[in-house]
Amino acid sequence: MLFGPITDKERLIWQRQAVKVLADFIGEAVRAELPLVHWQTGCGRMLVGTCREGDAESRRAAFLAWTRFLGIAEVTEVTRCGVTHLRGSTDDFRGCRIVVTADLYVEVGS
């Protein structure tokens, strides 16, 4: 067998690479005055950003600002049970897969 299974060491190296990409574009985001997004690393070179701050309008604005900043053109919007789920992704942003999401809840009294 030419190649063996992927090791934890390889996965950790990929995560470290993703964190470096995140640190780089967070610096750019600060200069661009983008809103706060909560970031997580995935297994490998994957980053997941979740827009959690503020009301539905603020979350949508944050989602759109970040997808535009990251060059994510295709986004999905699905509404179920009063919650609108926004999702956009790119398979190659500086070598990483990036997913950005936001859940928009109907405001009470709306």
Please tell me if LEU36 is touching a strand residue (DSSP E or B) at 6+ places or on another chain (Cβ under 9 Å) and part of a loop (DSSP other than H, G, I, E, B).
yes
Looking at the range 9-25, is at least one residue within 11 Å of the chain's Cα centre (by Cα) and surrounded by 11 or more Cβ atoms within 10 Å (Cβ to Cβ)?
yes
Verdict on THR76 being closer than 30 Å to ILE6 by Cβ and of a type in the set (Ser, Thr, Tyr)
yes
Restrict the check to the range 43-50 and report whether at least one residue is under 23 Å from ASP103 (Cα atoms) and more than 17 Å from the chain's Cα centre (by Cα).
no
Which listed residue, of ALA65, ALA61, is among the aliphatic types (A, V, I, L, M) and surrounded by 17 or more Cβ atoms within 10 Å (Cβ to Cβ):
ALA65
Go through the range 17-42 and report how many residues are touching a Lys or Arg at 6+ places or on another chain (Cβ under 6 Å), of a type outside the set (S, T, N, Q) and either more than 17 Å from SER89 (Cα to Cα) or free of Cβ contacts under 8 Å to residues at least 40 places away in the same chain (or both).
1
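We did not get these values from a lab; they are worked out from the coordinates using the rules stated. Please read all numbers here as calculations on a predicted model, not as lab measurements. Quick reminder, even Gly has a Cβ in these numbers, built from the backbone with ideal geometry, and neighbours come from all protein chains shown.
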